[in-house]
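K.L.:
The structure under discussion is supplied below as structure tokens; questions concerning it will follow.
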Amino acid sequence: MTAFARRIGTLLLALGCASAAAQTYPSRTVRIISPFPPGGTSDILARTLAEKLASEWGQPVIAENRPGAAGNIATEYVAKQRGDPHVLLINTVGTHAINPAIYPHLPFDPIKDFTLITNLVNLPSLLIVHPSVPAQSAQELIALAKQKPGALTYSSAGSGSQPHLTAEMFKSMAGIDVLHVPYKGAAPQLQALIAGEVTLTFATAPAAVPFVKNKLARAIAVTTAERVSTLPDVPMLNESALPGYIAVGWNGLVAPAGIPAPVVQKIHDSVAKIYAMPEMRERLVNLAAEPAICTPEEFAALIKAERVKWAKAVKDSGAKLE
């Protein structure tokens, strides 16, 4: 047998093994890791997807929370599970686009250490205030902040998180002084607002909408270029107070590096099938989340562009770890 024939044989054997791996995947419990505590958008997506995939695959799929360090703890953990497709991560604009600009020495590479599968949803943020706050609009809120420099407070999901940076952009463009109070995740961030511990917050719509609809918080504005269908009366910051202000997040699905392409394709196709279900799309739209399934290549291009965009936002806003 020639060397060329041996190489071809080895390649065919590898392809055969990869195909067989896809046919038997998953062979045990799959864990979908959320990088933030229960109650936030990542957690909602992880639990919903776990339930649907378990039914699709006939194997247990569980959602697991590993919060801390603006999502870096969970992201590093998954990065270290190289070659294991039974550990997936709900990644975010924070973990893969903002954190590389905030943290000087991340223990993982946002691209090389992961197998990108698909974006899941695009996410507007809501600027919401405690019901006791007298401001009824973004203009009134900015005016209130200017009357009382440093007196108003805002919560975030942690220093360096998307809510932190989104708020810092708001402060910078509005020319106001509002005190940052970081919490460990989106759920504590929202709970702080509901309890009246802070004046305002920027929260992703899926996490914030239920509180707005139950009148536990008041929506002042959305951060997108268009109004969201589930809250049609809430104006955009871009139109109501700060022309040019747009800050949209996203949540995707990734695996550790080293996953065979047929397995990636199986996961991608299963997720795409779930997100095409009418009841799934309706649930997401009701939470003001836009389904955004794409190819791994399109997802890689999105992350690359987002890293450039948010690095500039970090620099322009002067946002720093606290």
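K.L.:
Which value, in Å² and to the nearest 10, is the accessible area of Thr115 when all protein chains are kept and the probe is 1.4 Å?
P.N.:
About 20 Å², ignoring ligands and nucleic acids.
K.L.:
Okay, moving on. Students often forget the sequence filter, so: which lysines lie under 24 Å Cα-Cα from Lys148 once same-chain residues fewer than 8 apart are removed?
P.N.:
Candidates past the 8-residue exclusion: Lys171, Lys320.
K.L.:
Report the net charge of residues surrounding Ile32, where surrounding means a beta-carbon distance below 9 angstrom and charges are Lys +1, Arg +1, Asp -1, Glu -1. Intermediate results must be reported in sequence, preceding the final value.
P.N.:
Working: positive: Arg31, Arg47; negative: Glu64.
Within the 9 Å Cβ shell, the charges total +1.
K.L.:
For the chain, report the accessible area per residue in Å² (1.4 Å probe, heavy atoms, rounded to an integer).
P.N.:
Numbers: 13710 Å² over 322 residues.
I get 43 Å² per residue for the chain.
K.L.:
From the helices alone, meaning DSSP H stretches of at least four residues, give me the mean residue ellipticity at 222 nm for the chain, per-run term -39500 (n - 2.57), in deg cm²/dmol to the nearest 500. It would help to have the intermediate numbers written out before the result.
P.N.:
On the way: 12 runs with 142 residues, N = 322.
Roughly -13500 deg cm²/dmol at 222 nm, from the helical runs in the chain.
K.L.:
For Arg47, what accessible surface area do you get with a 1.4 Å probe? Give it in Å², rounded to 10.
P.N.:
About 110 Å², ignoring ligands and nucleic acids.
K.L.:
Only sites in a loop by DSSP and with at most 13 other Cβ atoms within 10 Å count here; which trypsin sites (Lys or Arg not before Pro) in region 162-267 make the cut? Could the numbers behind the result be given before it?
P.N.:
Numbers: sites: Lys171, Lys184, Lys213, Lys215, Arg218, Arg227, Lys266; in loops: Lys184, Lys215, Arg227.
Of the trypsin sites (Lys or Arg not before Pro), the ones in loops of region 162-267 whose Cβ has at most 13 other Cβ atoms within 10 Å are Lys215.
K.L.:
With the convex hull built on the Cα atoms of region 190-254, state its orientation-averaged projected area in nm². Don't jump to the answer; show the numbers that get you there.
P.N.:
Numbers: hull surface 21.6 nm².
Result: 5.4 nm².
K.L.:
Cross-link candidates for Lys304: which aspartates and glutamates have Cα within less than 20 Å, leaving aside residues fewer than 8 places away along the same chain?
P.N.:
Glu76, Asp109, Asp113, Asp316
K.L.:
From largest accessible area down, sort Thr295, Thr224; use a 1.4 Å probe on the protein chains.
P.N.:
Values: Thr295 50, Thr224 20 Å².
Sorted descending by solvent-accessible area, the residues read Thr295, Thr224.
K.L.:
What ratio of Cα Rg to 2.2 N^0.38 Å holds for region 190-322? Mind dumping the intermediate values first?
P.N.:
On the way: Rg = 17.6 Å, N = 133, 2.2 N^0.38 = 14.1 Å.
That ratio works out to 1.25.
K.L.:
Still on this model: For the chain, give the magnitude of the charge dipole about the Cα centre (Cβ charges: +1 Lys/Arg, -1 Asp/Glu; no others), in debye to the nearest 20.
P.N.:
On the way: 28 positive and 24 negative charges, 101 e Å.
Dipole magnitude for the chain comes out near 480 debye.
K.L.:
So how many Å³ per residue does the convex hull of the Cα atoms of the chain work out to? If you can, show how the numbers build up before the last one.
P.N.:
Details: hull volume 41.6 nm³, N = 322.
Per-residue hull volume (Cα only) is 129 Å³.
K.L.:
Express the carbon and sulfur contribution to the solvent-accessible surface of region 91-236 as a percent, rounded to the nearest whole number, probe 1.4 angstrom.
P.N.:
Details: 2870 of 5240 Å².
With neighbouring chains kept in place, the figure for region 91-236 is 55 percent.
K.L.:
Oh, and also: Which value, in debye to the nearest 20, describes the size of the charge dipole of region 181-322 about its Cα centre when Lys and Arg Cβ atoms bear +1, Asp and Glu Cβ atoms bear -1, and nothing else is charged? Could you put the intermediate results ahead of the total?
P.N.:
Working: 15 positive and 13 negative charges, 50 e Å.
Taking the Cα centre of region 181-322 as origin, the dipole is about 240 debye.
K.L.:
Would you please put 244-253, 231-240 in order of how densely packed they are, using the mean number of other Cβ atoms within 10 angstrom per residue and starting with the highest?
P.N.:
Numbers: 244-253: 21.1, 231-240: 16.7.
The packing order, highest mean first, is 244-253, 231-240.
K.L.:
Determine the distance separating the Cα centre of region 42-70 from the Cα centre of region 231-260; give it in Å without decimals.
P.N.:
If we compute the Cα centre of each part, the gap is 21 Å.
K.L.:
If you find the alpha carbon centre of region 277-322 and of region 166-225, how far apart are they in angstrom?
P.N.:
First find each Cα centre; the distance between them is then 18 Å.
K.L.:
Now for a different question. Which Cα, out of Pro291, Val314, Pro262, lies furthest along the positive dipole direction of region 216-322 (beta carbon charges, K/R +1, D/E -1)?
P.N.:
Most positive-ward Cα: Val314.
K.L.:
In Å, the Kirkwood hydrodynamic radius of region 83-166 over pairs of distinct alpha carbons? Can you show the working numbers first?
P.N.:
Values: mean 1/r = 0.0621 Å⁻¹.
Hydrodynamic radius (Kirkwood, Cα pairs) of region 83-166 is 16.1 Å.
K.L.:
In terms of solvent-accessible area of protein heavy atoms at a 1.4 angstrom probe, what is the ranking of Arg82, Arg31, Arg283, highest value first?
P.N.:
Putting Arg82, Arg31, Arg283 in descending order of accessible area: Arg82, Arg283, Arg31.
K.L.:
Tell me, what is the percent relative contact order of region 206-308, built from C-alpha pairs under 8 Å that lie six or more residues apart? Intermediate values should be presented prior to the final figure.
P.N.:
Details: 69 pairs, mean separation 25.7, N = 103.
Contact order relative to length: 25 percent.
K.L.:
In terms of modelled amide H atoms, which long-range or inter-chain residues lie less than 5 Å from the amide H of Leu242?
P.N.:
none
K.L.:
So, one more: Kindly express, to the nearest 10 degrees and within the range 0 to 90, the angle between helix 41-57's C-alpha long axis and the longest C-alpha principal axis of the chain.
P.N.:
Roughly 30 degrees, rounded to the nearest 10.
K.L.:
With contacts defined as alpha carbon pairs under 8 Å and 6 or more residues apart, what's the relative contact order of the chain in percent? Each step should come with its number before you reach the end.
P.N.:
Values: 643 pairs, mean separation 84.8, N = 322.
Computed over the chain, the figure is 26 percent.
K.L.:
Explain nothing, just the number: dipole magnitude of region 62-201 about its Cα centre with +1 on each Lys and Arg Cβ and -1 on each Asp and Glu Cβ, in debye rounded to the nearest 20. Mind showing how you got there, number by number?
P.N.:
On the way: 8 positive and 9 negative charges, 18 e Å.
Using Cβ point charges on Lys, Arg, Asp and Glu, region 62-201 gives about 80 debye.
K.L.:
How big is the Kirkwood radius of region 35-130, worked out from every pair of different alpha carbons and given in Å to one decimal? Walk me through the numbers before you get to the answer.
P.N.:
On the way: mean 1/r = 0.0689 Å⁻¹.
Kirkwood radius, region 35-130: 14.5 Å.
The values are calculated or read from the model by the stated rules, or taken from the named source; none is laboratory data. Quick caveat, the model's predicted, so the values are computed rather than measured. Here the Cβ is made from the backbone with ideal geometry for all residues, glycine too, and neighbour counts use every protein chain on show. Remember, those area values only see protein heavy atoms, side chains included, never the ligands or the DNA or RNA. Shrake-Rupley method; radii C 1.70, N 1.55, O 1.52, S 1.80 Å.
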